[in-house]
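Data block below; observations after.
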Amino acid sequence: MNNLLKIFLFLFFTIASAGLLHSQSRMSFNIPGCPPPDNPGGGDEDNNPKSITEHKAEVGIFLYPNPVKSQLRIEAPIYEHIEFVEVFSIAGNLLKTASSFKGNDLRLNVEELTAGIYLIHVRTDQSIYRSKIVKH
C-alpha cells in the first residue's frame, strides 16, 4: 500500500472516530422492513414492518424555498411516490389539498395563502412527512 493511501486512511478514520465527519447530504434512505433511525423498534405499535412510517420532514423530504412566496417545491425520496399533500393553518384547519401526482417531485401553488406559518403533510406510498412552511 502506498504512503499516500495510508495517510488518507489514517486521517479518515481519525476524523470519523472523533465524530467530526458529519454528512449534510440531501439523501435519506428508508429500507422497507428495517426500522428508521428514530424508531429503533420498527413498524407501528403492533410491530408491523409493512406499515406506513410517519416522519418529521427533515428525515427524507425537501420543501423549498422556505419561506415561500408562490410556488413550493416538494421532493420526496426517489423511491417514493407522492400521493397527496395537505396544508393546514397553525390552528389545525385544513386549507388546501392536492393529489394525483406522478413521481416524487411537485410544485404546489400557495399564492392564495396569506402570510404566516402553515403545517404541511405529505403522504407518499411509504411514509407520511410533516413540516412547517412560512408564507411571505
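The values are calculated or read from the model by the stated rules, or taken from the named source; none is laboratory data. Bear in mind the structure is a predicted one, so any value in this text is a computation, not a measurement. So basically every Cβ, Gly included, is an ideal-geometry build from the backbone, and we count neighbours across all protein chains shown.
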- Is there a residue in region 43-59 that is under 22 Å from residue 132 (Cβ atoms), modelled with pLDDT under 70, assigned to a loop (DSSP other than H, G, I, E, B) and not basic (Lys, Arg)? yes
- Query: Is at least one residue of region 94-101 crowded, with 17+ Cβ neighbours inside 10 Å, modelled with pLDDT under 95 and within 18 Å of the chain's Cα centre (by Cα)?
  - Reply: yes
- The residue that is nearest to the chain's Cα centre (by Cα), considering only those in region 64-83 that are part of a loop (DSSP other than H, G, I, E, B) and of a type in the set (A, V, I, L, M, F, W, C), is 76
- Query: Can you name the strands (runs of 3 or more DSSP E) wholly within region 84-126 that have at least 1 residues being over 19 Å from residue 66 (Cα atoms) and not charged (D, E, K, R)?
  - Reply: 94-99, 116-124
